[in-house]
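Peer 1: I am attaching a structure below and will ask some questions about it afterwards.
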Amino acid sequence: MSEGAGLTTTIVRLSRAAATDIPPATLEMAKLCVLDWFGLTLAGSREPLSMLLHDAALIEGAQPAATIVGRNFGFSPRQAALVNGAAGHALDYDDVNLAMRVHPTTVILPGVLALAEARRLSGRAVLQAFVAGYEAAGMIGALVSASHYARGFHATGTIGAFGAAAACAHLLGLDEATTARAYGLAGSQAAGLKAQFGTMTKSLHAGRAAEAGLTSALWARAGMTARPDILERPLGFFATQTDGAPAEGVRWSGHALDRNLFKHHAACFGTHGALEAIGALRREGLRPQQVRAIRLKVDAGADAMCNIAAPRTGLEAKFSLRFNAALALHGADTSNSATYADAVVLRPDLEASRAVTTVELAPPGWPEDVTEVTVTMLNGETLVRRHDISLPPGDLATRRPRLHAKFLALAAPVIGDERAQRAADAIGRLEHGADLSELLALVRGPDAVR
């Protein structure tokens, strides 16, 4: 911790410093986050929640200063942050960081994009602000997210609001004291409850966090007062929403962004261990008709995150370990969000496999990110497979083509193959762009570019 500085101020300083000299690999990771988010937001712009938010914003009315991804109209920066942030999380297919328990990009990037577009700022400025916001969320999340998340708070909506505020403050060039006040304003808007998992409101948390971060930075710049020590202050964020920060305070040890994880199944990340383990067994020949029972052994924290026993909607299915085990057993394409349509959930063959699947909550000491699958066969044989979701699938060179393919699969149905490829190319050279005009023209509605 900096000499004489409180926790909030220290995080402000460290996150700003992290964005001044970004290593090449970290910059590449930032661009992959941007690529992944745009694909998801284009696809998510067609989801019912996005439609509802579009309609509400149109009724509210505002100067069209910021692009709504996938649409031919613009909103105010505040509205754009809300709508685009929610759309980016609508499929629950966006990136995660397990240390902070946050879906980071969809809360940090939308406000930055909206402000940068309105002020015609450069792509490099966007990436630097994104890194600053990511690091702020990473430090706060690493300090408190375990107890905070266990209490029932959705960290994407709460910790995410601080990351969004840090990013927008950095983009606006706010000084240290003003940025700390932006944190204070974000702390009073940080919200989100895990009880909403399986409903549209979970994705709304992401949009509200993006909106809160943007407005906090703008309000702080305008002179609105707030506590500059909101994290550590008595009755502040840590005191009321966590078991307290570690006594030694924050320690920054390299970019949290380097530990970003991308999703390749369109479901809650807590189900991915089961999907991967059973998927591996299926590739080795396992078939539904051979199975008597499946047991999933998971960390006890999964019970409040992804253990909906009998889902009846596609949104609920994304948070059901049992249902995702059934999908994997039947070889369903869980990279396709249509797999989680309401009608699929009620398929008799999937319901039958779900019914023979049980979830065992492991005792304390079980690795938090590990799922163990035990399959009992009709012939009495037992198969066991484990998967650790915290381990990324290869280095950046390995992940890049897979994310590019994911982007094209999500974006092309909305804006067409050619424009999707051009958008991916524009993101690849984002740090060299004088502004965002080329990229944002490509990701508007299908009639926006001729």
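Peer 1: So Thr376 clears everything in (1) under 15 Å from Ala277 (Cα atoms); (2) hydroxyl-bearing (Ser, Thr, Tyr); (3) out of contact with any strand residue (DSSP E or B) (no Cβ under 8 Å at 6 or more places or on another chain); (4) open to solvent by 40 Å² or more (accessible area, probe 1.4 Å) except one condition, right? Which one?
Peer 2: The single condition Thr376 does not satisfy is (3).
Peer 1: If you don't mind, another one. For Lys263, only one of the following conditions fails: (1) open to solvent by less than 40 Å² (accessible area, probe 1.4 Å); (2) among the charged types (D, E, K, R); (3) not in a loop (DSSP other than H, G, I, E, B). What is its number?
Peer 2: (3)
Peer 1: Applying the selection to the range 197-235, what residues are more than 25 Å from the chain's Cα centre (by Cα) and assigned to a loop (DSSP other than H, G, I, E, B)?
Peer 2: Passing the criteria: Gly223, Met224, Thr225, Ala226, Arg227, Pro228, Asp229, Glu232, Arg233, Pro234, Leu235.
Peer 1: Could you go through the range 119-141 and let me know if any residue there is open to solvent by less than 10 Å² (accessible area, probe 1.4 Å), touching a strand residue (DSSP E or B) at 6+ places or on another chain (Cβ under 8 Å) and not in a helix (DSSP H, G or I).
Peer 2: Looking through the range 119-141, none of the residues is open to solvent by less than 10 Å² (accessible area, probe 1.4 Å), touching a strand residue (DSSP E or B) at 6+ places or on another chain (Cβ under 8 Å) and not in a helix (DSSP H, G or I).
Peer 1: Restricting to the range 420-450, name every residue that is within 21 Å of Ser337 (Cα to Cα) and open to solvent by less than 20 Å² (accessible area, probe 1.4 Å).
Peer 2: Correct list: Ala420, Ala424, Val443, Gly445.
Peer 1: Going by the structure shown, is Val414 more than 16 Å from Cys33 (Cβ to Cβ), β-branched (Val, Ile, Thr) and not in a helix (DSSP H, G or I)?
Peer 2: no
Peer 1: While we're looking at this one, here's another question. What number goes with the only condition from (1) more than 13 Å from the chain's Cα centre (by Cα); (2) more than 23 Å from Leu172 (Cα to Cα); (3) touching a residue at least 40 places away in the same chain (Cβ under 8 Å) that Thr26 does not pass?
Peer 2: (2)
Peer 1: So which residues in the range 72-110 are surrounded by fewer than 24 Cβ atoms within 10 Å (Cβ to Cβ) and under 15 Å from Val443 (Cα atoms), if there are any at all?
Peer 2: Answer for the range 72-110, where residues must be surrounded by fewer than 24 Cβ atoms within 10 Å (Cβ to Cβ) and under 15 Å from Val443 (Cα atoms): Asn72, Phe73, Gly74.
Peer 1: Taking Gln196 as the residue in question, decide whether it is touching a residue at least 40 places away in the same chain (Cβ under 8 Å), in contact with a Phe, Trp or Tyr (Cβ under 9 Å, 6 or more places away or on another chain) and open to solvent by 10 Å² or more (accessible area, probe 1.4 Å).
Peer 2: It is false that Gln196 is touching a residue at least 40 places away in the same chain (Cβ under 8 Å), in contact with a Phe, Trp or Tyr (Cβ under 9 Å, 6 or more places away or on another chain) and open to solvent by 10 Å² or more (accessible area, probe 1.4 Å).
The values are calculated or read from the model by the stated rules, or taken from the named source; none is laboratory data. These figures come from a predicted structure and were not determined experimentally. Neighbour counts run over all protein chains shown; Cβ positions are idealised from the backbone, glycine included. Ligands, DNA and RNA are stripped out before the accessible areas are found, and what is left, the full protein with its side chains, is counted by its heavy atoms. Shrake-Rupley method; radii C 1.70, N 1.55, O 1.52, S 1.80 Å.
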